[in-house]
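Presented below is the structure to which this report refers.
The values are calculated or read from the model by the stated rules, or taken from the named source; none is laboratory data. Since the structure is predicted, the reported quantities are computational estimates derived from the model, not experimental observations. Note: ideal-geometry Cβ built from the backbone for every residue, glycine included; neighbour counts use all protein chains shown. Side chains are part of the model used for accessible areas, which takes the heavy atoms of the whole protein and leaves out ligands, DNA and RNA. Shrake-Rupley method; radii C 1.70, N 1.55, O 1.52, S 1.80 Å.
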Amino acid sequence: MWNRLEPSIHNESQLENALRFEVRDPLWMLARQWQFGELTGEDAGTAAFSRVFRQQTPVQLIGSAATQPLAFDYAKTPFEVPVEHVLVVPDLHLRLEMGRHWLRLLKKRLPAAKAQQYSTAFKKNTKFMFAAPDSSDRVDNFRQAHLMSDEALRLTLETIAGGRMLDGFALYKALKSGLKASSFSQPDATVDAVGQEFVQWFERTYSQFADTPNTWHPQHMEYQPQLAFQDSQSAVHILKKDEYYGDGISWHGFESQATWNDQPMVPLPPAVVQSSSETIIPANVRFRGMPSTRLWEMEDAQVDFGSIRAASTDLSKMIFAEFSLIFGNDWLVAPLRVTGGSLCRVAGLAITDVFGRQQALDEIKPDANWALFQMPTLNQQEDGWLFFAHGDELAQESGPIEKVSFRRDEMANLVWGIEEIVSDPGGGGRDGERLASQVRQWLENLDQPVQSPSGQSSAEGWVYKAGTSMPENRIPFIPVASGSSQNLGHRQVVLQRAALPRISDEFEPVRVRPRTSILGNIGQPENEKLAPFFLFEEEVPRSGAEVQLVWKRTRWLGGSTHTWLAYKKTIGKGELDSNFKYDVLRRSATSG
């Protein structure tokens with residue numbers, strides 16, 4: 001025999017006594033409260049109103065340590081455009097679109113007969129023609145193996161070459177060099193005006209203005225923007241942010257400095273420092289998992305404070321737990337609206353409590369070691385300024401059109417810049433490993449073994465290689481001694497971009513050039529030497545680093561649209577063992 005006890009939902013009065021929460025000895029509870037000092041009154045009251053006196057000033061200049069400061073207007077442009085934008089190297093698709101847009105402008109702005117005349121003249125001009133690679137010369141096939149092995153690109157160039165399509169980017173560079181559009185045919189002021197309209201269209205559409213700063217530092221692989229503003233005493237303050245990786249402008253990370261690029265700051269035009277006051281009703285601070293102040297209010301289980309394991313040295317963890325469990329309801333928050341792209345300073349705060357008494361609160365002055373939501377400035381009388389970037393977090397971002405992975409190879413004592421994604425001539429990006437494999441296959445088919453008069457291999461079954469064959473999407477960076485003329489700081493050793501040779505027994509060696517603008521190829525002709533490219537050693541740790549090139553687009557105040565090309569830096573994939581060797585001697589695959 002056994003009995004089971006269980007609650008019954010039919011008896012509605014069974015919880016009545018428990019819900020009453022009756023106190024059997026109220027005098028004992030009052031005595032305990034008196035003993036612990038809970039009955040001692042405090043001369044304080046809950047804040048009912050807060051009056052905030054603030055000052056606000058806009059950012060006037062923007063730039064970097066390597067460029068001169070330029071005027072900035074937040075109402076016209078978000079911070080990300082002048083800070084992140086880089087030079088656009090148009091792919092084949094964009095060059096064709098630029099050429100089509102130029103022909104549309106001629107047709108739209110000129111009479112039909114004149115538009116046809118100038119369109120024909122530009123198409124017949126060899127400066128604006130696409131050139132197809134010559135496949136009849138074996139030497140050119142070897143030197144241009146990266147073009148000849150890409151069948152889709154080669155066929156496209158053969159289709160549009162010979163004046164069939166217009167290279168709009170070549171026309172843009174000619175107009176930017178100072179030439180007039182009508183100089184390639186008969187002089188005409190209307191055509192010159194159309195040429196200026198074409199240049200403005202490209203620069204406006206892709207944020208390629210000559211008076212915008214370049215804050216990207218290739219040696220650091222990061223952005224280093226600087227801002228300048230004036231306080232209420234017309235003193236100029238300069239803010240600098242290091243290690244910005246293209247992941248969104250925010251207020252933290254900016255630090256004050258005395259000069260701009262180690263030069264005295266030029267006087268700024270008078271800034272309008274707005275002073276205003278606002279009355280705000282403060283509210284209690286709320287956070288997830290906050291203990292409830294009411295007796296019978298059910299608490300959620302999103303945060304388990306019972307699982308906190310704090311050692312005697314975890315002071316910050318114990319302070320956080322004490323604030324959450326005991327003093328959480330003692331803090332109030334008063335929201336204050338400010339204008340984005342500016343700096344704000346709370347000049348004063350007056351509190352009116354529930355008893356009608358007013359009290360002015362003093363500002364907590366920051367020191368050299370700690371400051372809460374403040375950026376210490378060089379002028380102690382004007383401390384307390386806080387930068388509100390209000391960057392565009394809703395910007396659309398494309399997939400990477402270029403991606404380079406920097407990985408250390410300790411056995412070879414160098415760093416590899418691996419071009420994992422290369423710009424696609426048709427738009428977007430392509431697999432760099434697959435393109436390198438196509439080049440290797442093309443060279444193997446092009447190479448012819450040298451035979452001796454007896455019909456045997458000239459090496460008698462042995463093949464000598466000066467070094468291990470590496471995929472052409474791997475660009476080496478070798479350590480070199482930095483000279484004083486290179487403007488690389490006080491470092492003794494830096495990493496410099498080198499080149500692997502494209503070697504064949506039949507042709508002269510050729511230096512393999514990078515395909516990405518990340519590694520310094522910004523569309524130079526094949527016969528033009530690339531500029532030296534340096535990289536600081538500390539920027540490539542053992543974990544490596546990755547840099548991507550992406551398109552970004554956003555709508556801004558007033559409905560304006562901004563499109564720009566930007567870099568993004570992330571953590572890498574670790575070290576790499578390339579098994580790179582010098583002076584390799586092995587048996588030929590055809591030897592017995």
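PRE reach from residue 394 (point 7 Å along Cα→Cβ): which of segment 545-588 fall under 14 Å by backbone N? Hits in segment 545-588 for residue 394 at 14 Å: 553-562.
Taking label points 7 Å from Cα along the Cα-to-Cβ direction, residue 220 and residue 117 give a separation of 5.6 nm. Note on the chain: Rg/Rh from Cα positions, Kirkwood definition for Rh, rounded to two decimals, is 1.12.
The simple Förster model, with R0 at 22 Å and r as the Cβ-Cβ distance, assigns residue 16 and residue 300 a FRET efficiency of 0.25. With the cut-off at 1.5 for a/c, could you classify segment 177-231 from its C-alpha gyration tensor as rounded, prolate or oblate? Cα axes put segment 177-231 in the prolate bin.
Can you give the extra length, in nm with one decimal, that the chain gains between residue 468 and residue 276 once fully stretched, where that is 0.36 nm per residue apart less the Cα-Cα distance?
So the chain would gain 62.1 nm between residue 468 and residue 276.
With each label modelled as a point 7 angstrom along the Cα→C-beta vector, the residue 571-residue 587 pair spans 4.7 nm.
With a simple spin-label model that places each label point 7 Å from the Cα along the Cα-to-Cβ direction, the separation between residue 87 and residue 138 comes to 3.8 nm. Within the assembled protein chains, the solvent-accessible surface assigned to residue 25 is about 80 Å², based on a 1.4 Å probe. Rolling a 1.4 Å probe over the protein heavy atoms gives the chain an accessible area of 61 Å² per residue. Can you compute the FRET efficiency between residue 329 and residue 245 using 1/(1 + (r/R0)^6), with r the Cβ-Cβ distance and R0 = 56 Å? Round to the nearest 0.05. Approximately 0.90, to the nearest 0.05. Once all protein chains are placed together, residue 72 keeps about 30 Å² accessible to a 1.4 angstrom probe. Would you please give the FRET efficiency between residue 579 and residue 508, computed as 1/(1 + (r/R0)^6) with r the Cβ-Cβ distance and R0 = 30 Å, to the nearest 0.05? Computed FRET efficiency for residue 579 and residue 508: 0.65. Listed by chain and number, the lysines placed with their C-alpha closer than 21 angstrom to that of residue 241 are 568, 569; residues fewer than eight positions away on the same chain are left out.
Once Lys and Arg get +1 and Asp and Glu get -1 on their Cβ, which of 196, 93, 112 lies farthest toward the positive end of the dipole of segment 92-206? Positive-end residue among those listed: 112. Rounded to the nearest 20 debye, the dipole magnitude of segment 81-136 is 560 debye, with +1 charges on Lys and Arg beta carbons, -1 on Asp and Glu beta carbons, and the Cα centre as origin. These residues, 173, 568, 108, go from largest to smallest accessible area, 1.4 Å probe, as 108, 173, 568. Computed over the chain, the per-residue total of -39500 (n - 2.57) for DSSP H runs of n ≥ 4 gives a 222 nm mean residue ellipticity of -6000 deg cm²/dmol, rounded to 500.
For segment 92-206, the share of alpha carbon pairs falling in successive 10 Å distance bins from zero is 14, 42, 27, 14, 4 percent. Maximal additional length on extending the residue 261-residue 107 stretch stands at 50.6 nm, based on 0.36 nm per residue less the C-alpha distance.
The dipole here belongs to the chain: it is taken about the Cα centre, uses +1 on the Cβ of Lys and Arg and -1 on the Cβ of Asp and Glu, and is about 2240 debye.
What is the extension gain from residue 158 to residue 445, computed as 0.36 nm multiplied by their sequence separation minus the C-alpha to C-alpha distance, in nm to one decimal?
101.2 nm
With the full set of protein chains in place, find how many percent of the accessible area of segment 92-206 is carbon and sulfur; take the probe as 1.4 Å.
Carbon and sulfur atoms account for 52 percent of the accessible area of segment 92-206.
Determine the relative contact order of the chain: mean sequence separation of Cα pairs under 8 Å and six or more apart, normalised by residue count, in whole percent. After rounding, I find 18 percent. Largest first, the residues 577, 188 sort by 1.4 Å accessible area into 577, 188. Taking Cα centre as origin and charging only the Cβ of basic (Lys, Arg, +1) and acidic (Asp, Glu, -1) residues, the dipole magnitude of segment 92-206 rounds to 460 debye. Projecting the Cα atoms of 551, 149, 488 onto the dipole axis of the chain, where Lys and Arg carry +1 and Asp and Glu carry -1 at the beta carbon, places 149 farthest toward the positive end. Between the residues 386, 580, 328, the greatest Cα displacement towards the positive end of the dipole of the chain, with unit charges on the Cβ of Lys, Arg, Asp and Glu, is found for 580.
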